[in-house]
Amino acid sequence: MTLSNIPLHPSTARVLVAEDNPAVREFISRALAGAGYQVAAVPDGHQALEMLSKEHFHVLVTDIVMPQIDGIALATKAVRLYPDLRIVMISGYAQERMRAHNLDSLVHSILAKPFSLEEICDAVKHTISHLEGKLA
């Protein structure tokens, strides 16, 4: 499925959150839902890949450090399988954020933990607007 026939604004934009920390996962999910996005959340990369195979998402927000499949492996595989998917990565570890910077062609935005509600919403909004520009 391509995104060319899907209007992208918060009420139709779908975001998948992959975060192993339940409190952070809930914070991100509530923030994005409050901003009007359709949000699904999972606790790890394996479940994120399962969800991506079943449903269409515009943006994947993923922690870099997670059990089973980390965020970098998840992003690499997800973008290969779903080329229209955009990635926002989050991490509390500077060295992990540096690893993600090596993936500039795959990752649209990288946020350092802790981040604010406004910062996560702005990152997704910017990613969605960037995606719309590619479709115009």
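The values are calculated or read from the model by the stated rules, or taken from the named source; none is laboratory data. In this text the structure is predicted, and so the values were computed from the model without any measurement. Using ideal geometry, Cβ is built from the backbone for each residue, glycine included, and neighbour counts are taken over all protein chains shown.
Of all residues in region 28-47, which are within 23 Å of S129 (Cα to Cα), touching a helix residue (DSSP H, G or I) at 6+ places or on another chain (Cβ under 7 Å) and of a type in the set (A, V, I, L, M)? I'd like the intermediate steps shown before the answer.
If we filter region 28-47 for residues that are within 23 Å of S129 (Cα to Cα), which is where we start, we get 28-41.
Cutting the leftovers down to touching a helix residue (DSSP H, G or I) at 6+ places or on another chain (Cβ under 7 Å) gives us 28, 31-32, 35, 37, 39-41.
Listed by number, the residues that qualify are I28, A31, L32, A35, V39, A40, A41.
Within region 43-84, can you find the residues that are in a helix (DSSP H, G or I) and farther than 18 Å from R14 by Cα?
First, pick out the residues of region 43-84 that are in a helix (DSSP H, G or I): 45-54, 71-81.
Within region 43-84, H46, G71, I72, A73, T76, K77, R80 meet the criteria.
What tally of residues in region 6-56 results from selecting those that are basic (K, R) and touching a Leu at 6+ places or on another chain (Cβ under 9 Å)? Full working, then the answer.
First, pick out the residues of region 6-56 that are basic (K, R): 14, 25, 30, 54.
Next cut, touching a Leu at 6+ places or on another chain (Cβ under 9 Å) only: 30.
Count: 1.
Looking at (1) aliphatic (A, V, I, L, M); (2) touching a Phe, Trp or Tyr at 6+ places or on another chain (Cβ under 8 Å); (3) assigned to a helix (DSSP H, G or I), which is the one condition that is false for A40?
(3)
So, in region 101-130, exactly how many residues are within 20 Å of L16 (Cβ to Cβ), over 13 Å from the mean Cα position of the chain (by Cα) and either in a helix (DSSP H, G or I) or modelled with pLDDT of 90 or more (or both)?
Within region 101-130, residues that are within 20 Å of L16 (Cβ to Cβ), over 13 Å from the mean Cα position of the chain (by Cα) and either in a helix (DSSP H, G or I) or modelled with pLDDT of 90 or more (or both) number 5.
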